[in-house]
Amino acid sequence: MAVTERTSGRRRYTCWPDTLCFGAGQQHGVNFRDAQETHEAFIFQLKTAAEKTAVTKVFGWDEQVQYQLHHQEWRACKPTLICWHDTPIGSVLLESVTEADPSAAGEASCRYLYFSRFFLLPEWQGRGIGTAVMSLLEAICDAENLPCQLMYLQGNQVFTLYQRHGFHLLSQDHQFVSMVRLPNATNHSADSAVPLS
């Protein structure tokens, strides 16, 4: 496992360029690179392309507010770029999170993976790249024997992609949907729970 410190209790995975991940992604021409300062504008463009419709429905879109939120996320932890050969086409962030376990006495903690900032430019969607990235995520979760959580905005059309890769509904409200995947999970398509729309 390769991680770098983000904040207390959260560590950024840097394993995407690793042989296992790179080898599986390479069959699709996909490779992973750490985002550099020069990629900040691209990442905001990507976030805008991927989330503007859903953000507008839930909160309303304010360019300045959205840029401030993006900038805070960027400073806290840069995502990994998803590239088609040398061209950035998306981003992803995987973190290892350790939290105090409120159900346990003493210093017990629980550890899980947190998957976020998974965006592909619209012209690169529907080509199997999202599926390839999700397959890599599954392999990491299973190898680490850790659950993985994610959250997305209501109205975002990613539920079925996540469900196909073993995630199931954890909770939701009128703004966000939370999902979890247990290690060595199988497809949960039989689950009847679907996000509000």
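Spin-label model, R75/D62: points 7 Å from Cα along the beta carbon direction are separated by 1.8 nm.
A protection proxy built from the mean count of other Cβ atoms within 10 Å ranks the segments 89-97, 63-71, most packed first, as 89-97, 63-71. Cα centroid separation, region 118-145 to region 54-85: 19 Å.
Rounded to the nearest Hz, the phi-derived 3J(HN,Hα) couplings of region 118-130 under the Karplus curve 6.51 cos²θ - 1.76 cosθ + 1.60 (θ = phi - 60°) are 8, 10, 10, 4, x, 5, 9, 7, x, 10, x, 6, x, where x marks glycine and proline.
Read the figures in this text as sums done on the coordinates, not as results from a lab. This is a predicted model, so every value here is computed, not measured. Please note: Cβ atoms are built from the backbone with ideal geometry, for glycine as well, and neighbour counts cover all protein chains shown.
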